[in-house]
Every structure is written in structure tokens, then in C-alpha cells.
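Values quoted throughout were computed directly from the atomic coordinates according to the rules given, and no laboratory measurement underlies them. Just so it is clear, the model here is predicted, and its values are computed rather than measured. Here the Cβ is made from the backbone with ideal geometry for all residues, glycine too, and neighbour counts use every protein chain on show.
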Amino acid sequence: MYDGVVEKKTRVKEKNKKLEPKQTFLIVLVVFIVVLSGLVLVIRQSEKAYHVDRVIDGETVAFKGGKTVGLLGVSMTEKSGESGLLARQYLNSILDGRNIWLEYDRKSKDGSGRDLVWMWVGCENTPKFMASDLIKMMSNQGKDTLEASPIGCEKGVLVNEQVIKMDLLKAQFDDNGWEMKYQRRLEMAEKIE
């Protein structure tokens, strides 16, 4: 009887040893896929500074080279004519002649196909933006990760947030079940008024 128990324990140990290489392979494969996905998705983020050609309205900017973008998370629809004009003038004043960095989120286009971005000015270095799908994966790990300024732009200004703090535009979010990267910052900026 004792030999039977020892033999059974030995078979269990041998079986566990056979599974170990499979488990190791699966772990390595999952880590490789996650890292590769992150590298591929970073490509979409702004790797160069843009310069304003003209501010079209309080939430739309055209850059030299032809790129036109809208500010993500803000809307002029609830603001009347004078606020829209003030928003346009304000954007001109903080963007003109400065390096502007564009950061994308999961929602990157509006209904008319215009790119929607988080716009940064005053960055001390080239910012290191986190790819939007990585943001989505990390969103359950801690909301602070989603609200922090990007590396290289800790002293910079998030233009989207600033126009709300100045009470020039209103925050606007889609009700689609996910939170935008800087949504909480915009909500807080709106409460300050």
C-alpha cells in the first residue's frame, strides 16, 4: 500500500513536469503579444511638433502642412457666438508660434471624419504618449495613470482642459461605455468655473 501511494505521488510530479514547458511557452507568448501590440499602436501618436497655420474656430485648428484637427472632449454647441470668438482668439494666443503635440485617444474621428486629439503646448521635451489600446488595457489598473500628463510634458498645458477652465467651451463626452484618457481632468476643469 505504501508503494502505491509513493508511485501515485511520483506520477503526479512527472505529470506536472511535463506541463511546465507548455506553461512557460504560453506565458512567453502572451507577454510577446502584449509588448508587440504596444509597439505597433504607439506609431499613431504624434512624433513631431506641429505649428499652427490658422485657428478655424474655438475647437478646430489647421496646421502647416494641411492637417486639420478638433479638440477632443470639448464642444462649442452649448456656447454662443461671443464665447466661440473668444475661444478662437484664446487658441490663437496660446498656440501661435509654439510647438504643438497631438495625442490620440480611442475615439480619433468625429462624424465628419475630422481627427480629434488631445493637444499639448509648452512641453519641456518630446512627449511620450501611451497608445490608446494600452490605455484601455490599463484603465482598470488605476485611474491616476489615465489622468497624468505624458512623460516629457509634465510642465505642459493640455489645451482641451485649458479652454474649459477659461469657461470658453464646455466639456462633452460620448456615452458609449468607456472613459476618455483625460475625461476626469475635463470634468474637474468644468466644475472650477
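Observations, loosely collected:
- Once the C-beta distance of S112 and E147 is scaled by a Förster radius of 22 Å, the resulting FRET efficiency is 0.15 to the nearest 0.05.
- Burial ordering of V159, V30, fewest other beta-carbon atoms within 10 Å first: V30, V159
- Cross-link pairs beyond the 30 Å C-alpha cut-off, checked among K48/K191; K22/K181; K64/K155; K22/K128; K109/K155: K48/K191; K22/K181; K22/K128
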